[in-house]
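K.L.:
Please find one structure pasted underneath; my questions will follow.
The values are calculated or read from the model by the stated rules, or taken from the named source; none is laboratory data. For clarity, every value in this text was computed on a predicted model and none was experimentally measured. Note: ideal-geometry Cβ built from the backbone for every residue, glycine included; neighbour counts use all protein chains shown.
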Amino acid sequence: MKEFHERFGMEPAGVWSAPGRVNLIGEHTDYNDGFVLPFAIPMRTTVAARPADGPFWTVYSRETGETVVISEADLRPGAVNGWAAYVAGVPWALRAAGHRPPFLDLAITSDVPLGAGLSSSAALTCAVLAALVDLGGLDLSRDDWPAVAQRAENSYVGAPTGIMDQSASTLCRPGHAMFLDCRSGDREHVPFALAEHDLAMLVIDSRAPHSHADGEYAARRASCESAAQTLGLRALRDLAAEDLPAACGRLDEVTARRVRHVVTENARVLETVEKLRGGSVTGIGPLLTASHASMRDDYEITVPEIDTAVETALAAGAYGARMTGGGFGGCVLALVDADAAERVADAVTAAFAERGFTAPTWFRAVAAGGATREA
Ligand code: GAF
């Protein structure tokens with residue numbers, strides 16, 4: 001990688017990459033021990049690395065132009081902030097899990113859009129993890145990568161995420177969405193090759209500012225955990241749909257809607273997987289749209305730009321559309337006929353202009369593979 005050579009004056013020992021993701025369906029279900037169905041996107045974060053004497057990690061980021069030196073003393077939560085915390089958190093989490101990550105020089109580049117809800121942070125932690133595991137010869141099975149990367153984000157960076165993004169970034173396969181049970185870790189790679197069906201998945205970046213996203217995410221998570229406690233459940237995953245009305249009767253009105261979102265969303269993931277297994281890709285459209293309505297009305301995590309994109313895409317002929325990711329901005333998915341992608345995207349762009357919103361950007365998402373060694 002030329003950035004590594006420019007910064008460190010030699011060739012790297014290897015190059016690793018990890019992708020961003022979109023979540024087809026199953027939003028805010030992961031931290032409730034529920035089901036998700038993400039797929040990796042072709043945009044990736046790439047890490048070139050080489051063992052160094054240490055005792056520190058020297059990290060260059062092409063995207064910020066900065067070089068940060070992370071010392072051993074920095075391996076405590078709170079010591080490093082900003083993007084470099086996602087790097088420092090990885091050796092920290094590896095040590096916490098009993099491994100001895102090697103000291104490295106690292107150069108990082110990324111084409112995963114930042115702050116667009118496409119999981120640029122998991123792409124970064126997982127790409128760094130891949131380099132550390134390989135160059136350190138660490139005995140860490142691929143199945144255990146997501147938990148280490150999640151621990152880096154939760155406990156070092158302080159972002160209370162679930163395990164979906166790190167799982168998608170490490171374990172997804174090309175041409176497949178990954179049906180993941182976030183409690184057991186069981187997964188099924190469900191064929192999702194849209195081109196074979198003359199379909200496309202539009203990803204529309206609303207470019208809405210992500211204000212309050214962190215605080216609101218934490219609040220939703222806390223509200224689910226307290227509801228589970230009130231209901232005497234290990235997690236909301238354990239609330240059956242038929243018990244929902246009785247359970248809601250024991251909760252305040254807002255919490256009841258949060259719980260309804262989680263329970264109905266888990267059911268929609270299972271139905272979506274059933275449809276895909278049966279080869280009915282357009283059949284998932286109404287489930288995507290119902291998921292969006294649930295996020296808008298019950299979980300209250302959408303914003304006007306996002307709702308406009310969904311409504312406009314549907315009016316322009318999408319089979320289904322929904323926000324993807326944590327919410328309060330970010331991206332919308334729209335399932336469309338392959339030859340209608342441009343027309344639907346243009347309709348959304350026009351609707352944004354009419355309402356005075358910042359112009360959206362868009363791309364067609366193809367299901368890509370998880371973290372890998374590139375060179
Ligand atoms: C963010 C989090 F990082 C995920 O763990 C997940 O909760 C998602 O929001 C919502 O489904 O991407």
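K.L.:
I'd like to verify a number: residues in region 251-261 that are more than 26 Å from the chain's Cα centre (by Cα) and surrounded by 13 or more Cβ atoms within 10 Å (Cβ to Cβ), how many?
P.N.:
Qualifying residue count, region 251-261: 1.
K.L.:
From the list A177, A149, A168, exactly one residue is assigned to a strand (DSSP E or B) and in the same structural domain as Y86 (by TED's automatic domain parsing). Which is it?
P.N.:
A177 is the lone residue from the list that is assigned to a strand (DSSP E or B) and in the same structural domain as Y86 (by TED's automatic domain parsing).
K.L.:
Give region 317-339 a look and list any residue that's small (G, A, S), more than 13 Å from the ligand (Cβ to nearest atom) and surrounded by 19 or more Cβ atoms within 10 Å (Cβ to Cβ), or say none.
P.N.:
Hits for region 317-339 are A318, G320, A321, A334.
K.L.:
Taking only pairs six or more apart or across chains, which ones have beta-carbon atoms under 6 Å, a first residue in region 254-275 that is on the phi > 0 side of the Ramachandran plot and in a helix (DSSP H, G or I), and a second residue that is surrounded by fewer than 20 Cβ atoms within 10 Å (Cβ to Cβ) and modelled with pLDDT of 95 or more?
P.N.:
Here the result reads none, with nothing in region 254-275 linked to a residue that is surrounded by fewer than 20 Cβ atoms within 10 Å (Cβ to Cβ) and modelled with pLDDT of 95 or more.
K.L.:
Which of (1) over 15 Å from the mean Cα position of the chain (by Cα); (2) among the polar types (S, T, N, Q); (3) within 16 Å of the ligand (Cβ to nearest atom) is the odd one out, the single condition N23 does not satisfy?
P.N.:
Among (1) over 15 Å from the mean Cα position of the chain (by Cα); (2) among the polar types (S, T, N, Q); (3) within 16 Å of the ligand (Cβ to nearest atom), N23 violates only (1).
K.L.:
Do we have any residue at all in region 119-131 that's assigned by TED's automatic domain parsing to the domain that holds C182, part of a loop (DSSP other than H, G, I, E, B) and exposed (fewer than 15 other Cβ atoms within 10 Å of the Cβ)?
P.N.:
Within region 119-131 (the criterion being assigned by TED's automatic domain parsing to the domain that holds C182, part of a loop (DSSP other than H, G, I, E, B) and exposed (fewer than 15 other Cβ atoms within 10 Å of the Cβ)), the answer is no, since none of the residues qualifies.
K.L.:
Please verify whether region 136-159 includes one or more residues that are surrounded by fewer than 24 Cβ atoms within 10 Å (Cβ to Cβ) and touching a strand residue (DSSP E or B) at 6+ places or on another chain (Cβ under 8 Å).
P.N.:
no
K.L.:
Restricting to strands (runs of 3 or more DSSP E) lying wholly in region 26-93: which have 2 or more residues that are more than 16 Å from the ligand (Cβ to nearest atom) and buried (at least 24 other Cβ atoms within 10 Å of the Cβ)?
P.N.:
Ranges flagged: 38-51, 56-61.
K.L.:
Still on this structure, I have one more. Going by the structure shown, is A213 in contact with a Gly (Cβ under 8 Å, 6 or more places away or on another chain) and within 25 Å of R21 (Cα to Cα)?
P.N.:
Answer is yes for this residue.
K.L.:
Looking at region 96-113, can you tell me whether even one residue there is among the small types (G, A, S), closer than 22 Å to E6 by Cα, more than 14 Å from the ligand (Cβ to nearest atom) and in the same structural domain as T45 (by TED's automatic domain parsing)?
P.N.:
Scanning region 96-113, I find at least one residue that is among the small types (G, A, S), closer than 22 Å to E6 by Cα, more than 14 Å from the ligand (Cβ to nearest atom) and in the same structural domain as T45 (by TED's automatic domain parsing), so the answer is yes.
K.L.:
Can you name every residue in region 155-173 that is closer than 20 Å to F35 by Cβ and within 11 Å of the ligand (Cβ to nearest atom)?
P.N.:
Of everything in region 155-173, those that are closer than 20 Å to F35 by Cβ and within 11 Å of the ligand (Cβ to nearest atom) turn out to be P160, T161, G162, I163, M164, D165, Q166, S167, A168, S169.
K.L.:
So A375 clears everything in (1) assigned to a loop (DSSP other than H, G, I, E, B); (2) over 23 Å from the mean Cα position of the chain (by Cα); (3) farther than 20 Å from S169 by Cβ except one condition, right? Which one?
P.N.:
Every listed condition holds for A375 apart from (3).
K.L.:
Moving on. Which condition breaks for A147 when tested against (1) away from the ligand (no atom under 14 Å from the Cβ); (2) out of contact with any Lys or Arg (no Cβ under 9 Å at 6 or more places or on another chain)?
P.N.:
(1)
K.L.:
The conditions are (1) in contact (Cβ under 8 Å) with a residue 40 or more places away in the chain; (2) aliphatic (A, V, I, L, M); (3) under 23 Å from T372 (Cβ atoms), and L199 fails exactly one of them. Which is it?
P.N.:
So L199 meets the others, but not (3).
K.L.:
I need the full set of residues from region 180-207 which are closer than 22 Å to D307 by Cα and either at pLDDT below 95 or outside any loop (DSSP other than H, G, I, E, B) (or both), in order please.
P.N.:
Once the filter is applied, which keeps residues that are closer than 22 Å to D307 by Cα and either at pLDDT below 95 or outside any loop (DSSP other than H, G, I, E, B) (or both), region 180-207 yields A200, M201, L202, V203, I204, D205.
K.L.:
Here is a further query. If you check T312 against the conditions, is it assigned to a helix (DSSP H, G or I) and under 15 Å from A334 (Cβ atoms)?
P.N.:
It is true that T312 is assigned to a helix (DSSP H, G or I) and under 15 Å from A334 (Cβ atoms).
A quick yes/no check of all residues on (1) more than 16 Å from the ligand (Cβ to nearest atom); (2) under 30 Å from L114 (Cβ atoms); (3) in contact with a Lys or Arg (Cβ under 8 Å, 6 or more places away or on another chain); (4) aromatic (F, W, Y):
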site	(1), (2), (3), (4)
L202	yes, yes, yes, no
A218	no, yes, no, no
D243	yes, no, no, no
A246	yes, no, no, no
